[in-house]
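**Student:** Dumping the structure here so I can ask a few things about it.
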Amino acid sequence: MSTDNREVSARLAPSQRRLQRPPDFTGDRLRRFGQVFRRHGLPGAVLGALLLLVPELRATLADALAAFLAAPGRYAVLGLMIFGVLSAWAWVIDRRIDRQAVGWILYLLALSTWEEWVFRLAIPELGQALGVPLRVSVVFSNLLFGVVHYFTLRWKWQWCVGAFLGGMVLSRQLGTHDDLAFIIALHWVATFINTPRLPGRLRSQG
């Protein structure tokens, strides 16, 4: 690797160096947002939309959003507070906050929304409808959550195990609070902590 390439690599977002595997059968490193969106964000959003076509799942979603629908203003305030904190965090680590940084924060919110809907709610509910015990459905859904990250985002296996364990924690919290919006908020913050920079964004040299 040339000196210039080493310098660029050193300035890349830490998550781009620590999360992804070297090139293998799943492809090369994902270095741009477009790659991440096409491989992970868009397919997941489409899957989430398709699951909304199932009437029983829509009813389950409405129940899980009951607290949010009862007091949307309170959740809006909470969302704005989280957005403000994450924006401030983005400024602290890069000494800048621009449209790209704001767009990444909002993208992570959208990502957290469909991932929680699909993996913490819809798939376990489908499993139960097929006669699979709830605990088995939850474990299977979170295993799938980890495996998806292995193939779409090319995460190292250790981080995929972490995704599975984190998903299990979120499933437990959803079972305890029965509040999907709250779980989405937790996921949003955790995902930003793990990947606070837009893919391909260089670290600030300041």
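The values are calculated or read from the model by the stated rules, or taken from the named source; none is laboratory data. This one's a predicted model, so the numbers in the text were calculated from it and none came from an experiment. FYI the Cβ positions are ideal-geometry reconstructions off the backbone, even for glycines, and counts take in every protein chain you see. Please note that ligands, DNA and RNA were not included when accessible areas were found on the heavy atoms of the full protein model with its side chains. Shrake-Rupley method; radii C 1.70, N 1.55, O 1.52, S 1.80 Å.
**Student:** Is segment 27-47 home to any residue that is farther than 17 Å from residue 200 by Cα, among the aliphatic types (A, V, I, L, M), over 18 Å from the mean Cα position of the chain (by Cα) and open to solvent by 70 Å² or more (accessible area, probe 1.4 Å)? Give the derivation first.
**Tutor:** Residues of segment 27-47 that are farther than 17 Å from residue 200 by Cα, as a first pass: 42-47.
Then keep just the ones that are among the aliphatic types (A, V, I, L, M); that gives 42, 45-47.
Now narrow it down to the ones that are over 18 Å from the mean Cα position of the chain (by Cα): none.
No: zero hits.
**Student:** Can I ask one more? Across segment 132-173, which residue is surrounded by the fewest Cβ atoms within 10 Å (Cβ to Cβ) among those that are in contact (Cβ under 8 Å) with a residue 12 or more places away in the chain and not in a helix (DSSP H, G or I)?
**Tutor:** Out of the qualifying residues, it is 156.
**Student:** Residue 113 passes all but one of (1) open to solvent by 50 Å² or more (accessible area, probe 1.4 Å); (2) under 27 Å from residue 68 (Cα atoms); (3) more than 14 Å from the chain's Cα centre (by Cα); which number fails?
**Tutor:** Status for residue 113: all satisfied but (3).
**Student:** Here are 14, 43: which of them is under 27 Å from residue 160 (Cα atoms) and modelled with pLDDT under 95? Spell out how you get there, then give the answer.
**Tutor:** Details: 43 fails: modelled with pLDDT under 95.
Only one candidate passes the filter, namely 14.
**Student:** Kindly indicate whether any position in segment 116-130 is free of Cβ contacts under 8 Å to residues at least 24 places away in the same chain and open to solvent by less than 20 Å² (accessible area, probe 1.4 Å).
**Tutor:** Yes, there is a match, as at least one residue in segment 116-130 is free of Cβ contacts under 8 Å to residues at least 24 places away in the same chain and open to solvent by less than 20 Å² (accessible area, probe 1.4 Å).
**Student:** Out of 118, 148, 139, I need the residue that is of a type in the set (Val, Ile, Thr) and more than 19 Å from residue 46 (Cα to Cα). Which one?
**Tutor:** On inspection, the qualifying residue turns out to be 139.
**Student:** Can you say whether residue 187 is assigned to a helix (DSSP H, G or I), open to solvent by less than 70 Å² (accessible area, probe 1.4 Å) and under 23 Å from residue 93 (Cα atoms), as far as the supplied structure shows?
**Tutor:** yes
Yes/no per residue for (1) closer than 27 Å to residue 118 by Cα; (2) acidic (Asp, Glu); (3) touching a residue at least 60 places away in the same chain (Cβ under 8 Å):
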residue	(1), (2), (3)
69	yes, no, no
72	yes, no, no
76	yes, no, no
82	yes, no, yes
90	no, no, yes
